Amino acid sequence: MAREPVYQGPENDTSDDGIPGSVNSDGGDPGKDSQDSPADSMGSSPLDEEYDYTLRPQSFKDVVGQKKVMERLSIILQAAQKRKEPLGHILFDGPPGLGKTTLATVLPKEMGTEFQYTSAPSLSAPKDLLPFLTNASYGSVLFIDEIHRLPPIVEEFIYPAMEDYRIDIVLGEGVNARTVNMKLKPFTIIGATTRPGMLTAPLRDRFVNRERLDFYEVDELAEIVRRNAKKLNTVISEEASFELASRSRGTPRKSNNLLLWTRDYAEMRTKDGIIGLEIAQQALRMREVDDMGLENLDRRYLKTLISIFAGGPAGIQAIAHSMNLPPDTLEDEVEPFLLRMGLLQRTPRGRIVTSSALEQLGMSISGDNQPIN
Ligand SMILES: Nc1ncnc2c1ncn2[C@@H]1O[C@H](COP(=O)(O)OP(=O)(O)OP(=O)(O)O)[C@@H](O)[C@H]1O
Ligand SMILES: [Mg+2]
């Protein structure tokens with residue numbers, strides 16, 4: 001499988017002049033830094049990630065949906081190309097799987113510039129970021145994933161780099177300490193976060209462009225399913241593509257995962273491997289994805305809130321504790337979709353389940369509820 005060259009760090013490839021080559025094809029997916037970034041959402045297997053990579057759009061024309069965002073990005077990209085200047089820094093935010101990493105990788109490809117990838121949890125001190133900054137060539141892109149997790153000391157170090165393309169390095173200690181300024185080549189930082197609220201205002205404001213990715217419409221996801229089925233040499237009917245799309249929680253990553261599963265199912269349970277509506281429905285039933293796209297984790301969350309907290313209000317810490325899961329996982333991966341579907345309310349007093357959620361699960365607050373599994 002052809003992997004795109006991705007420059008991953010100075011220790012891998014630094015030429016004599018300190019400028020990175022274009023290079024490291026050891027299989028690092030820019031979106032999946034196996035060592036440094038925490039496990040990706042909802043447990044995709046390494047095989048899924050391989051496919052995810054081949055399914056990831058490689059250019060602007062492959063990107064489906066996010067029309068307004070794409071229009072604005074095209075404008076800043078063309079303006080930068082016209083002026084032969086680097087792009088202004090860009091911050092992408094939004095729930096997991098909506099295309100933040102995808103857009104960050106597509107932009108430098110469109111510009112024909114170099115790309116470096118890092119993730120905030122791997123940057124514990126300025127020295128961890130320094131090589132990326134000194135290696136950034138003119139107009140190149142440095143992508144910092146999970147940027148809300150930058151430690152304050154690294155954040156302060158990055159400010160002058162973003163604003164003036166300069167870094168201040170402190171040499172020595174105590175009375176002998178002195179600061180040396182170092183000029184950098186003008187470059188672009190693209191940050192991605194699922195938690196924009198955790199970014200400090202000074203960091204947030206240094207991003208000239210800020211784009212929030214929202215959930216996708218069903219017809220956009222159906223288009224993604226059909227395009228990706230073609231890439232996977234799988235035949236899928238129009239109705240089946242809509243069936244998968246409407247159960248994908250508005251998220252392309254989910255659509256891809258459901259397509260891969262349904263393809264396996266069709267291959268094992270039919271003679272021709274074609275995904276028709278009925279096969280798609282059977283596959284989704286077996287995967288325990290309901291007609292709204294709710295998965296086990298979503299149902300467990302709602303059932304916990306209903307059965308243990310009498311429908312709420314309940315604090316996220318308490319719910320997470322009862323489910324034996326980190327609150328971050330619930331806030332990032334479960335709640336945005338439940339809120340969007342009107343199954344959950346977030347109030348100052350805590351989370352409250354809605355009547356639609358009770359209806360969807362066939363439960364009642366005081367009634368005889370099923371055990372949580
Ligand atoms: N606009 C799009 N058009 C087509 N496919 C898309 C689009 N956005 C995302 N995808 C598909 O969904 C997958 C997940 O997207 P991506 O990794 O960019 O999400 P993310 O926002 O970075 O998620 P996370 O917050 O978990 O890092 C991609 O590999 C790609 O296959
Ligand atoms: Mg990502």
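Miscellaneous remarks
- Karplus-derived 3J(HN,Hα), 6.51/-1.76/1.60, for each residue of region 329-337, Hz, glycine and proline x: 4, 5, 5, 7, 9, 9, 5, x, 6
- Amide H contacts of Gly191 (H built 1.01 Å from N, under 5 Å, at least 5 apart or other chain): Ile90, Leu91, Phe92, Ile144
- 3J(HN,Hα) along region 257-272: 5, 5, 5, 4, 5, 5, 4, 4, 4, 5, 5, 8, 10, 10, 6, 9 Hz, from the Karplus curve 6.51 cos²θ - 1.76 cosθ + 1.60 with θ = phi - 60°, whole Hz, x for Gly and Pro.
- Karplus-based coupling profile of region 240-256, in residue order and whole Hz: 5, 5, 6, 4, 5, 4, 6, 10, 9, 6, x, 10, x, 4, 5, 4, 4, with θ = phi - 60° in 6.51 cos²θ - 1.76 cosθ + 1.60 and x standing for Gly or Pro.
- Our summary gives region 41-212 a relative contact order of 29 percent, counting only alpha carbon pairs under 8 angstrom and 6 or more residues apart.
- Taking every alpha-carbon pair under 8 Å whose residues sit at least 6 apart, region 174-259 reaches a relative contact order of 27 percent.
- Too-long pairs where the Cα-Cα distance tops 27 Å, listed order kept, from Lys67/Lys230; Lys84/Lys183; Lys230/Lys254; Lys61/Lys230; Lys82/Lys254; Lys68/Lys185: Lys82/Lys254; Lys68/Lys185
- Look at His321, His148 and count the other Cβ atoms within 10 Å of each Cβ; fewest to most, that gives His321, His148.
Bear in mind that the values in this text are calculations on the coordinates, not laboratory data. Note that the structure is a prediction, hence the values are computed from the model and not measured. No Cβ is skipped: glycine too gets one built from the backbone with ideal geometry, and neighbour counts run over all protein chains shown.
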